[in-house]
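First up is the structure itself, then whatever we jot down about it.
Taken together, the values in this text are just the output of simple stated rules run on the coordinates, not laboratory data. No experiment lies behind these values; they were computed from the predicted model shown. Neighbour counts run over all protein chains shown; Cβ positions are idealised from the backbone, glycine included.
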Amino acid sequence: MKITIISYDNWGLNNHLKIALEKNGHTVRHINFFDFKYKYPNFRSKLYNLILKIISRKNIKNIYYGNEILKILRENNETQDVILTIKGEFIDPKSILEFKKYTKKSIAFFNDSISRCPRTKNVITCFDEVYSFEKEDCLKYNLKFITNWIYTTPSTNKQKQYQVFNISSKDRRFTITEKIASSLKEKNINYKIIVFDKKNKTQISNVEFTSKQIPLVEVNDYLNNSEVLLDINRKHQKGLTFRVFESIGLEKKLITTNTDIINYDFYNPNNILVIDEQKPDIPLTFFNTDYEKIPEVVSNKYTLDQWIKQVFY
């Protein structure tokens, strides 16, 4: 098949999808609109965009992304069998509808909840088929449920530099991140928590800040050099993040604030510690037991190959 992936791939995770599809013999193009940098010409334009978003729910950036993507599709001038759009909520609906001129089938995957990103409602009807990792959204809006995927494999590195590792962007989760870091520090648990912050002002904190996007290869090094991975879910979101599937692929324990994880078939309290985000309690005993391998019949459901079979075939 001829496939085009359109995604806002700020961490480089969707490139694994491209590589896996190519290994299966497909011709794949990846349009990563994270690389499209829109700059407001002046302050007036920025103010106009703010007013536009409030009054008409339109966004100049989203229109810009859509126009740039359409330019590439026109230049390619070749009908695709499938166009898969990930993070389509960042593209204006008119452009998404135009994608259909260049493909036999237009599919979307959303790995954010609609309650957190209400603008998703404006675009879900623009696709032929829509998948989401949020169970409640699937029930409410008649979408197809699918999780993120496993792209990692068990680490051969037996010596670990850190007991706990997490990397995330600075957002509303930061207060929770700091609470967890303080709890880890109090218990002398060795950890590395990196927070990506564009402004990167000097801050006194128990976490490490960076203003530079860390390549996925480097992130994977940290993952491999850690005993336990830390996952902090966003407010109004129950869908499982990639951190969960990194832990499964690497066969590592997980600490998470996502209470819905107990409803998945791979949940094992020996491997997964669910903590209260307001009062995080991380018992030292969690580190004293070995990881219990998940049966392959279960873990195989969440592999990238299985994801491809469900979405593309």
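By the count of neighbouring beta-carbon atoms within 10 Å, fewest first, Trp149, Trp11 end up ordered Trp11, Trp149. By the beta-carbon count within 10 Å of each Cβ, the least crowded to most crowded order of Val298, Val244, fewest first, is Val298, Val244.
Normalised by the number of residues in the chain, the mean separation of alpha-carbon contacts (under 8 Å, six or more apart) gives a relative contact order of 15 percent.
Among Phe34, Phe165, Phe99, the largest mean-square fluctuation in a Gaussian network model of the chain (Cα springs under 10 Å) belongs to Phe34. Taking the fewest neighbouring Cβ atoms within 10 Å as the starting point, the ordered list for Lys87, Lys61 is Lys61, Lys87.
When exposed loop sites are taken as GluC sites (Glu not before Pro) in a DSSP loop with at most 13 other Cβ atoms within 10 Å, the longest stretch of the chain clear of them is 79-291. Taking Cα atoms only, the orientation of helix 43-56 departs from the longest principal axis of the chain by about 90 degrees. Seen from Asp281, the other residues with C-beta closer than 12 Å to its C-beta sum to a net charge of 0, counting Lys and Arg as +1 and Asp and Glu as -1.
Per the Debye formula on identical point scatterers at the alpha carbon atoms of the chain, with no solvent, log10 I(q)/I(0) at q = 0.09, 0.10, 0.12, 0.13 Å⁻¹ is -0.50, -0.62, -0.89, -1.04. Each principal axis of the Cα atoms in segment 2-146 has its own extent, and those three values, largest first, are 49, 38, 29 angstrom. Largest GNM mean-square fluctuation among Ser205, Ser226, Ser169, using the chain with Cα springs under 10 Å: Ser205.
Could you please report the charge total around Ile3, scoring K, R as +1 and D, E as -1 over all other residues with beta-carbon less than 11 angstrom from its beta-carbon? Show your work: numbers first, answer last.
Values: positive: Lys2, Lys18, Arg29, Lys104, Lys105; negative: Glu22, Asp81.
Charge balance near Ile3 sits at +3.
If you take all other residues with their beta carbon under 10 Å from the beta carbon of Asp128, and give Lys and Arg +1 and Asp and Glu -1, the sum is +2. The aspartates and glutamates within cross-link reach of Lys101, meaning a Cα-to-Cα straight distance under 18 Å and a gap of 8 or more places when in the same chain, are Glu68, Glu75, Glu78, Asp81, Asp92, Asp128, Glu129.
Can you give me the angle between helix 60-76 and the longest principal axis of the chain, using Cα atoms only, in degrees from 0 to 90, rounded to the nearest 10? Rounded to the nearest ten degrees, it is 70. Could you estimate the translational diffusion coefficient of segment 162-302 from the Stokes-Einstein equation, with Rh from the Kirkwood formula over C-alpha pairs, at 10 °C and 1.306 mPa s, in whole µm²/s? Calculated translational D: 102 µm²/s.
Per-residue ellipticity at 222 nm, computed for the chain from helices alone with -39500 (n - 2.57) per DSSP H run of at least four residues, works out to -9000 deg cm²/dmol. The angle between the Cα long axis of helix 174-186 and the longest principal axis of the Cα atoms of the chain comes to about 20 degrees, rounded to the nearest 10. Dipole size of the chain about its Cα centre, with +1 on Lys/Arg Cβ and -1 on Asp/Glu Cβ: approximately 1400 debye, rounded to the nearest 20.
Pairs over the 20 Å Cα-Cα cut-off, from the set Lys71/Lys94; Lys160/Lys185; Lys37/Lys71; Lys87/Lys253; Lys170/Lys199; Lys71/Lys121: Lys87/Lys253; Lys71/Lys121.
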